[in-house]
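Trainee: Dropping a structure here in structure tokens format, bear with me for questions.
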Amino acid sequence: MRLLWPLVFFAFAFAQTPTGEPPPDLPPEVFRIASELRCPVCQGESAAESNAGVSQEMRRQIAEMLRQGKSAEEIKRYFVERYGEWILYAPPKRGINWLLWLAPLIGLLVFGFGFWRYLAEAGRREAELELSDEELKALERRLEGE
Amino acid sequence: MRRWVYFSLVPVLGALFWWGMQRDPGELKSVLVGKPAPDFELSLLPPYRAEWGERFRLSEHRGKPVVLNFWASWCYPACYEEAPILEAGWRRFRDRVLFFGVNTQDREADALEFIAQFNLTFPHGYDPRGKVGIDYGMYGVPETFFIDAEGRVRYRHAGAITAAELEKRIREVLP
């Protein structure tokens, strides 16, 4: 029983939210949409993972809009209208954004080309270092002569 | 040839660095610039109810430019730096410009303490959830929006505002 008290204490401690309200029981759809949106005050966290106040409010608003029958696209547009496309984790595939989507592929191609050139160069140098039979015999003759 | 490629990278990276350093981090362009300022209604914090009423609705104050400031008592030091500047700006321009503070994601008692500390006389609304902040695409406190007399957002300043910047932006929204 003595061991239980800290557990009870911590259970209450963790259950607290900043505003003192119980955490709202949100449907998984809310988190699915929130995971595609950026937490505006965080570094590399989505609105689904973050516990910042603004993310909690975003999830609450998403739940509210879902209740009103809005689609995921409409909800995302709502946030884009306020924050710009920056708020989307995946930038829309159009215009200059294609550069972002293709950047990994371009990087891989550049690396592949460089690596291929390096291997070709290394192979050529290795070939240069190899002695022909005549050269080998000439060297052997010189050594014997000395 | 290869060396030339590497050397040409130096000025390119240098130029990129210079360009990055020239950018003002406070000038975080809002997608709302040029668009009508989102309307909101908030309950006013108790010290302002006698003069401004129980609730404040932005659209009821059209016809005058508005300086809309988002802040919180936990936002240290930026909100503490700009609070006296905002109060001075309000005292100077109150005939021509309305100042409104949105206390964001804060405890009321802490907000009232902050207001008392700086003796803020312009009205402040209480937004514990930060709902209005999301409507304005706010990244973090403090942020200040300049709304013209027609109700359009003209500028957003992120971070603590200076007296010079405040005056410059107010003059831009003055009719």
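Derivation of every value follows stated rules applied to the coordinates shown; laboratory data play no part. The structure presented is a predicted model; accordingly, all values stated were derived computationally and were not measured. Please note: Cβ atoms are built from the backbone with ideal geometry, for glycine as well, and neighbour counts cover all protein chains shown.
Trainee: Can you tell me which condition B:SER43 does not meet? The list is (1) within 15 Å of the chain's Cα centre (by Cα); (2) within 15 Å of B:VAL102 (Cα to Cα); (3) of a type in the set (S, T, N, Q), and all the others hold.
Mentor: The number of the failed condition is (1).
Trainee: When you check B:ILE134 against the structure, is it within 9 Å of chain A (Cβ to nearest Cβ) and not in a loop (DSSP other than H, G, I, E, B), yes or no?
Mentor: Considered against the rule, which asks whether it is within 9 Å of chain A (Cβ to nearest Cβ) and not in a loop (DSSP other than H, G, I, E, B), B:ILE134 comes out as yes.
Trainee: Is it fair to say B:VAL153 is within 12 Å of chain A (Cβ to nearest Cβ), under 12 Å from the mean Cα position of the chain (by Cα) and assigned to a strand (DSSP E or B)? First the steps, then the outcome.
Mentor: On the way: within 12 Å of chain A (Cβ to nearest Cβ): yes; under 12 Å from the mean Cα position of the chain (by Cα): yes; assigned to a strand (DSSP E or B): yes.
For B:VAL153, the condition - within 12 Å of chain A (Cβ to nearest Cβ), under 12 Å from the mean Cα position of the chain (by Cα) and assigned to a strand (DSSP E or B) - is met.
Trainee: Collect the residues in region B:137-150 that are outside any loop (DSSP other than H, G, I, E, B) and charged (D, E, K, R), keeping them in residue-number order.
Mentor: B:GLU143
Trainee: When the residues of region A:55-89 are filtered to those that are surrounded by 20 or more Cβ atoms within 10 Å (Cβ to Cβ) and of a type in the set (Phe, Trp, Tyr), which remaining residue is nearest to the other protein chains (Cβ to nearest Cβ)?
Mentor: Going through the qualifying residues, I end up with A:TYR83.
Trainee: Further question on the same structure: Determine whether A:GLU140 is away from every other protein chain (no Cβ under 13 Å) and free of Cβ contacts under 8 Å to residues at least 12 places away in the same chain.
Mentor: Judged against the criteria, A:GLU140 is a match.
Yes/no per residue for (1) more than 25 Å from the chain's Cα centre (by Cα); (2) part of a helix (DSSP H, G or I); (3) of a type in the set (Asp, Glu); (4) over 30 Å from B:LEU32 (Cα atoms):
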residue	(1), (2), (3), (4)
A:GLY44	no, no, no, no
A:ILE62	no, yes, no, no
A:ILE75	no, yes, no, no
A:LEU119	yes, yes, no, yes
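Trainee: What are the residues in region B:76-116 that are outside any helix (DSSP H, G or I), within 14 Å of chain A (Cβ to nearest Cβ) and surrounded by fewer than 21 Cβ atoms within 10 Å (Cβ to Cβ), if any?
Mentor: Residue satisfying the conditions is B:ARG107 alone.
Trainee: Now, a different point. Quick check: is even one residue across region A:96-104 part of a loop (DSSP other than H, G, I, E, B), out of contact with any Leu (no Cβ under 8 Å at 6 or more places or on another chain) and surrounded by fewer than 12 Cβ atoms within 10 Å (Cβ to Cβ)?
Mentor: The answer is yes, given that some residue of region A:96-104 is part of a loop (DSSP other than H, G, I, E, B), out of contact with any Leu (no Cβ under 8 Å at 6 or more places or on another chain) and surrounded by fewer than 12 Cβ atoms within 10 Å (Cβ to Cβ).
Trainee: Within region B:109-118, is even one residue closer than 26 Å to B:VAL33 by Cα and of a type in the set (A, V, I, L, M, F, W, C)? Give the derivation first.
Mentor: Step one: of region B:109-118, the residues closer than 26 Å to B:VAL33 by Cα are none.
No, the conditions are met nowhere in region B:109-118.
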